[in-house]
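These notes are about the structure you will find just below.
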Amino acid sequence: MDDWRESQEILVMDGRIKVPYTWSAGEVGTSYLEALRDEKRFLGTRCPNCDIVYHVPRMHCPDCFTECERYVELAGQGELVTWTVARRHYPPLSPLGGRFGYGVIKLDGADTGFLHLLAEFEEGELVTGGRVEAVFADEREGSMLDVKYFRPVKGVE
Amino acid sequence: MEPVAIVGVGMTEVKRERAADTVADLVFEACTKALADSGMGIDDIDIVLTGSNDFFDGRTISSMAVMDACGSYDKNVSTVEGDGTFGAAHAVMRVLAGWGTCLYCVHHKGSESVMPLITNAMFDPLYERFLGIEAVTASALQARAYMDRYGVTEQQCAAVSVKNHGNARLNPVAQMPLEITVDDVMASPYLADPIKLLDCGPISDGASAVVIASADRAKDVSGRPVWVKGIGYSCDAFHLGDRDLSKVDALQAAAKKAYGDAGITDPSGQVDLAEVNDAFSYMELMSLEGLGFCERGGAGALTESGATALGGKLPVNASGGCISSNPVLVTGLNSIIECVLQVRGDAGDHQVEGVGTAVAQGVNGPCGQSQCVWVLGGDA
Ligand SMILES: [Zn+2]
């Protein structure tokens, strides 16, 4: 049988899926994002059973299924648990240009890490266990990007 | 567990882009190959399961859309989201339930969409997604955590890439057979430190299928049945910050369960071959530790020693692994199929001598959140 690809051009359809969604932030998410937006404060929740402070906050402890205490106030600084520098930028995805990365950051007072952007660092400046601090956006609207990114704390080892 | 066997396997050739084939074409090819391998016809099949991912396929309930290509009319059907190891486990459960013989097929066409946009969408829409994180940057966070904790080097990760791309040269269905060195991997560009281009599996198109039968039915098939000796799965936290990313607790738990079923107490001594997730090179190292083939942090040195090479004590990813052929979700089923071929002695140029017991591993979710382990063997 002849290979049809040799005599015909393969037709390929273009498409795009674009569906609007809304996601409820729920009780702890609403309080958390409001505190970021209005007061530049980070809130966590604490499991009374495990004595673990969750950040980002959780209604219920995923470990023991106990309702968490709301809220524990956390610092705007913390430890870089792990990190990467994003060398490939995907324009529709990346909220930052220039040199930036991602980190799992454990804020002072929290027992769990969370994901955020890293910027304002020199090549080789990011280290596991290093100190980082939040840089807030001037215009804040109640989203995680109310913190523009985290950057290394200068002059601290 | 009651004896259940894989009695037929079928794989399409994996390529960067199979532009001339629709998803259904790939599924049909894999299913007909698996049926032919088992010596059965579609009328001998009672159960049809499919696996796919809606975002990859660009349609909802995508696994139902390929049911025609699996010959599913009038049969007991279901769909299993996620990696092929998990779907195949559901196939085993249906066979164990006494519902008959099962044809299970998984497909993936990575070429038809934009991988980072899709993997970005697996992250939490409130807290994580619009940071732009996707599979490569997330895996880089895990690689850094693991390497910093145990002092594993980028060269040790690179050695995985060298070994597996080399094995792919012996596998006719593999996508990226390469003769490369550790220096080549080290010189490839960083995508997200410490992950470089040659540490990553490619974008791939392909489909695979298996036929799974009870012991009663397996004795009538034409080929040599390969027996399911044990299956285990386990899940870790979804949010990356809730986990110790340097460890693979979920894999350890899954392996413990599968090994318990199979009577394996000394994995290094009792397992002859392993097909593990190496979508990123560091993952093979973490997987070897989670599967108990060495202590935590020891897999880099184990790899450099040559123990996991084709001629080594425990060949790992003799097929070339996902780093050489990466149809996402299909990869776990391909690990199972490679184990089947090896146990049967049908692996061709990459056949390992005397494989009595083989282990396959599959993962689901960001940074190996969920883990599935299979033990396969030649005797019921
Ligand atoms: Zn708790």
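The values are calculated or read from the model by the stated rules, or taken from the named source; none is laboratory data. What you are looking at is a predicted structure, and each value in this text was computed from that prediction instead of being measured. Every residue, glycine as well, gets a Cβ built from its backbone with ideal geometry; the counts of neighbours run over all protein chains shown. Each accessible area value is taken on the protein alone, full model and side chains, heavy atoms only, with ligands, DNA and RNA left out. Shrake-Rupley method; radii C 1.70, N 1.55, O 1.52, S 1.80 Å.
Quick notes on this structure:
- Relative to the dominant Cα principal axis of chain B, helix B:330-344 is inclined by about 70°.
- In this structure residue B:161 has an accessible area near 0 Å², from a 1.4 Å probe over the protein heavy atoms.
- The Cα-based radius of gyration of the protein assembly as shown, divided by its Kirkwood radius, gives an Rg/Rh of 0.98.
- Computing Rg and the Kirkwood Rh from the Cα coordinates of the stretch A:24-152 gives a ratio, Rg/Rh, of 0.99.
- Cα-Cα pairs of the stretch B:241-380 separated by more than 24 Å (percent): 21 percent
- Alpha-carbon centroids, the stretch B:172-209 and the stretch A:41-106: separation in whole Å: 31 Å
- List A:139, B:295, B:13, ordered by accessible area with a 1.4 Å probe, largest first: A:139, B:295, B:13
- Working from label points 7 Å from Cα in the Cα-to-Cβ sense, the residue A:5 to residue A:64 distance is 5.9 nm.
- Once the Cα atoms are used to define both axes, helix A:26-39 deviates from the longest principal axis of chain A by about 70 degrees.
- Solvent exposure, largest accessible area first (probe 1.4 Å, DNA, RNA and ligands not counted), of B:85, B:22, A:22: A:22, B:22, B:85
- Set against the 2.2 N^0.38 Å expectation for a compact globular protein, the stretch B:11-156 has a Cα radius of gyration ratio of 1.27.
- Crossing angle, helix B:249-262 versus chain B [Cα axis fit, 0-90 degrees, rounded to tens]: 40 degrees
- In the stretch B:172-296, inverting the average of 1/r over every pair of distinct C-alpha atoms gives 17.8 Å as the Kirkwood radius.
- Simple label model, 7 Å out from Cα along Cβ direction - residue A:119 to residue A:139, nm: 1.4 nm
- Taking only protein heavy atoms and a 1.4 Å probe, the accessible area of the stretch A:24-152 is 44% carbon and sulfur.
- Loop-located chymotrypsin sites (Phe, Trp or Tyr not before Pro) in the stretch B:176-280 (DSSP state not H, G, I, E or B) with no more than 13 neighbouring Cβ atoms inside 10 Å do not occur.
- Extreme residue, positive dipole direction of the stretch A:24-152, given options A:124, A:57, A:26 (C-beta unit charges): A:124
- Exposed loop sites here mean chymotrypsin sites (Phe, Trp or Tyr not before Pro) with a DSSP loop assignment and at most 12 other beta-carbon atoms within 10 Å; chain A contains its longest site-free run at A:66-157.
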